[in-house]
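*Asks:* Would you mind keeping the following structure in view while I ask a few things?
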Amino acid sequence: MVTRKDIAREAGVSVSVVSRALNNSGYVNAQKREKILKIAEKLGYFPNPKAMHLMKKKTKQILFYSKNMKNAYNTELYEGMCKAAEEQDYIVAVCGSLKFYNIRDIMADGLILSDAIVAERYLRNEGKNYFLPAVVATYDDPVTFTRSIPVVGCDLWEGMNMLLEYLVLHGHHRIAYVSPYVFEENGPRFLAWKSFMLSEAGDRLMDYFYGLTGQREKTDSQIPDGAEEGESEYSDYLEDDFFGEGARAADAFLKRKTDATAVVCFNDEMAYGFCKRLRELGKRIPRDVSVVGIDGSYVGRYVEQPLTTLSTDPFGHGRICVEILLSMINGREIRYRTKLPTRIIEGETVSHRRHGGGTGAD
């Protein structure tokens, strides 16, 4: 059986260089990469012959793996990808199933993975035997990858702190957080809110948190890895009904009779569901409570009451993912970590509280 050590010996390079060239997991000079691939082909080292072929003859197509295209953020992310790809005569195909073992039958030059959890499952399992370049869109997720992969992420820790400061400047100090996950989540949105509210609420912190608190049967960390090829099922992944969960959080918010004057929702879709349910129950936004979201997707342009939100620029996020992936495909040097800035889009869902506890908006 031909090994990577055999290829390294004939190419006159280290085994680690061979691994980087075959896995596209790090920078290797374009000529050296081509030499390694030719030697691998000559010696019969073919974990994925089709992928080897595609490294030399481009299909002008890349794949975007996303289970949840109902989410407006992913839709706009994809639009940004399409625009960047078109400028370089590429197209972007969407794969709505996370059964990565099908990659061998798909003609593509590279992959974009929709988040860090998806990327790590791919790298740990099916992806370890493929040569296709891959990039991951992330959201400051606390995930350690099995091997190197270019990461294009939104700076949600900084963004969340900016959003909280914005609410404080508008007179809000008791700020609730609405999440689709359990209280012990370790994402940047939650941790930034927790750090802020600990000084305000102390041991009453849980009074301001609205999440599933352990009720969800399956979380992202429980996605099956798929021990056998062809059995990697991801059917439960990212099937969140963010809009519906936002509405349920609104019921809990009113039932608890909290003294919070503002609410930060995990994303815009949760915020829309939260606001709609509050209005159905006779509450006025922002007079009775201020609400902000996170995403800044295109949906905000079509709602009756524009949402104040932290924009992570999904269109630009997708665009940069494609630009980096195409640089990899074309053998150019790349950055392996790109962090995108965020900004606040002011809508009509935040009141300015006066010094007597009243509000300055209906």
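*Asks:* Which residue, of ARG287, ARG319, ARG277, is open to solvent by 30 Å² or more (accessible area, probe 1.4 Å), more than 30 Å from ALA85 (Cα to Cα) and in contact with a helix residue (DSSP H, G or I) (Cβ under 7 Å, 6 or more places away or on another chain)?
*Replies:* ARG277
*Asks:* (1) modelled with pLDDT under 85; (2) surrounded by 20 or more Cβ atoms within 10 Å (Cβ to Cβ); (3) under 21 Å from LYS58 (Cα atoms); (4) touching a strand residue (DSSP E or B) at 6+ places or on another chain (Cβ under 8 Å): which one isn't true of ALA85, the others all being true?
*Replies:* Unmet condition: (1).
*Asks:* From ALA108, ALA85, which residue is under 23 Å from TYR27 (Cα atoms), of a type outside the set (D, E, K, R) and part of a helix (DSSP H, G or I)?
*Replies:* Being under 23 Å from TYR27 (Cα atoms), of a type outside the set (D, E, K, R) and part of a helix (DSSP H, G or I) holds for just one of ALA108, ALA85, which is ALA85.
*Asks:* Does the range 90-100 include one or more residues that are assigned to a helix (DSSP H, G or I), touching a strand residue (DSSP E or B) at 6+ places or on another chain (Cβ under 9 Å) and aromatic (Phe, Trp, Tyr)? Walk me through it before giving the result.
*Replies:* First pass over the range 90-100, keeping only residues assigned to a helix (DSSP H, G or I): 100.
Cutting the leftovers down to touching a strand residue (DSSP E or B) at 6+ places or on another chain (Cβ under 9 Å) gives us 100.
Keeping just the survivors that are aromatic (Phe, Trp, Tyr) gives 100.
Yes, that holds for at least one residue.
*Asks:* From the set of residues in the range 167-189 that are within 23 Å of the chain's Cα centre (by Cα) and either closer than 18 Å to ILE345 by Cβ or among the β-branched types (Val, Ile, Thr) (or both), which is surrounded by the fewest Cβ atoms within 10 Å (Cβ to Cβ)?
*Replies:* VAL182
*Asks:* Which of the following residues is at negative phi, open to solvent by 40 Å² or more (accessible area, probe 1.4 Å) and free of Cβ contacts under 8 Å to residues at least 24 places away in the same chain: GLU333, GLU304?
*Replies:* Testing whether each residue is at negative phi, open to solvent by 40 Å² or more (accessible area, probe 1.4 Å) and free of Cβ contacts under 8 Å to residues at least 24 places away in the same chain leaves just GLU304.
*Asks:* Which of (1) surrounded by 15 or more Cβ atoms within 10 Å (Cβ to Cβ); (2) modelled with pLDDT under 90; (3) touching a Gly at 6+ places or on another chain (Cβ under 9 Å) is the odd one out, the single condition SER311 does not satisfy?
*Replies:* (2)
*Asks:* Do we have any residue at all in the range 153-166 that's in a strand (DSSP E or B), farther than 26 Å from LEU37 by Cβ, touching a helix residue (DSSP H, G or I) at 6+ places or on another chain (Cβ under 7 Å) and open to solvent by less than 10 Å² (accessible area, probe 1.4 Å)?
*Replies:* Looking through the range 153-166, at least one residue is in a strand (DSSP E or B), farther than 26 Å from LEU37 by Cβ, touching a helix residue (DSSP H, G or I) at 6+ places or on another chain (Cβ under 7 Å) and open to solvent by less than 10 Å² (accessible area, probe 1.4 Å).
*Asks:* Going by the structure shown, is ILE106 hydrophobic (A, V, I, L, M, F, W, C), open to solvent by 30 Å² or more (accessible area, probe 1.4 Å) and modelled with pLDDT under 80?
*Replies:* On the way: hydrophobic (A, V, I, L, M, F, W, C): yes; open to solvent by 30 Å² or more (accessible area, probe 1.4 Å): yes; modelled with pLDDT under 80: yes.
Yes, satisfied.
*Asks:* Keeping to the range 168-194, report how many residues are at pLDDT 95 or above, out of contact with any helix residue (DSSP H, G or I) (no Cβ under 8 Å at 6 or more places or on another chain) and not in a loop (DSSP other than H, G, I, E, B).
*Replies:* Final tally of qualifying residues: 2.
*Asks:* Can you pull out the residues in the range 22-65 that are in a helix (DSSP H, G or I), open to solvent by 60 Å² or more (accessible area, probe 1.4 Å) and modelled with pLDDT of 60 or more?
*Replies:* Within the range 22-65, GLN31, LYS32, GLU34, LYS35, LYS38, GLU41, LYS42 qualify.
*Asks:* Of the conditions (1) among the polar types (S, T, N, Q); (2) under 30 Å from LYS60 (Cβ atoms); (3) out of contact with any helix residue (DSSP H, G or I) (no Cβ under 7 Å at 6 or more places or on another chain), GLN305 clears all except one; give me its number.
*Replies:* (2)
*Asks:* With respect to ILE345, is the statement that it is open to solvent by less than 50 Å² (accessible area, probe 1.4 Å), of a type outside the set (Lys, Arg) and at pLDDT 95 or above true?
*Replies:* no
*Asks:* Name every residue in the range 247-273 that is outside any loop (DSSP other than H, G, I, E, B) and closer than 21 Å to GLY159 by Cα, in order of residue number.
*Replies:* ALA262, VAL263, VAL264, CYS265, ASP268, GLU269, MET270, ALA271, TYR272
*Asks:* Please identify the pairs in which a residue from the range 249-273 that is free of Cβ contacts under 8 Å to residues at least 60 places away in the same chain and surrounded by 24 or more Cβ atoms within 10 Å (Cβ to Cβ) has its Cβ atom under 7 Å from the Cβ atom of a residue that is among the aromatic types (Phe, Trp, Tyr) and assigned to a helix (DSSP H, G or I), counting only partners at least 6 apart or on another chain.
*Replies:* Pairs found: ALA250/PHE274.
*Asks:* Looking at the range 117-152 only, could you name the residues that are of a type outside the set (S, T, N, Q), in a helix (DSSP H, G or I) and more than 21 Å from LEU326 (Cβ to Cβ)?
*Replies:* Result: ILE117, GLU120, ARG121, ARG124, GLU126, LYS128.
*Asks:* Here's a check for you: in the range 204-229, which residue that is open to solvent by less than 30 Å² (accessible area, probe 1.4 Å) and out of contact with any strand residue (DSSP E or B) (no Cβ under 7 Å at 6 or more places or on another chain) is modelled with the lowest pLDDT?
*Replies:* Among those residues, the one meeting the criterion is ILE223.
The values are calculated or read from the model by the stated rules, or taken from the named source; none is laboratory data. The structure displayed is predicted, hence computed values, not measured ones. Neighbour counts are summed over all protein chains in view; Cβ atoms, including those assigned to glycine, are modelled from backbone coordinates with ideal geometry. Ligands, DNA and RNA are excluded from the accessible area calculation, which covers all protein heavy atoms including side chains. Shrake-Rupley method; radii C 1.70, N 1.55, O 1.52, S 1.80 Å.
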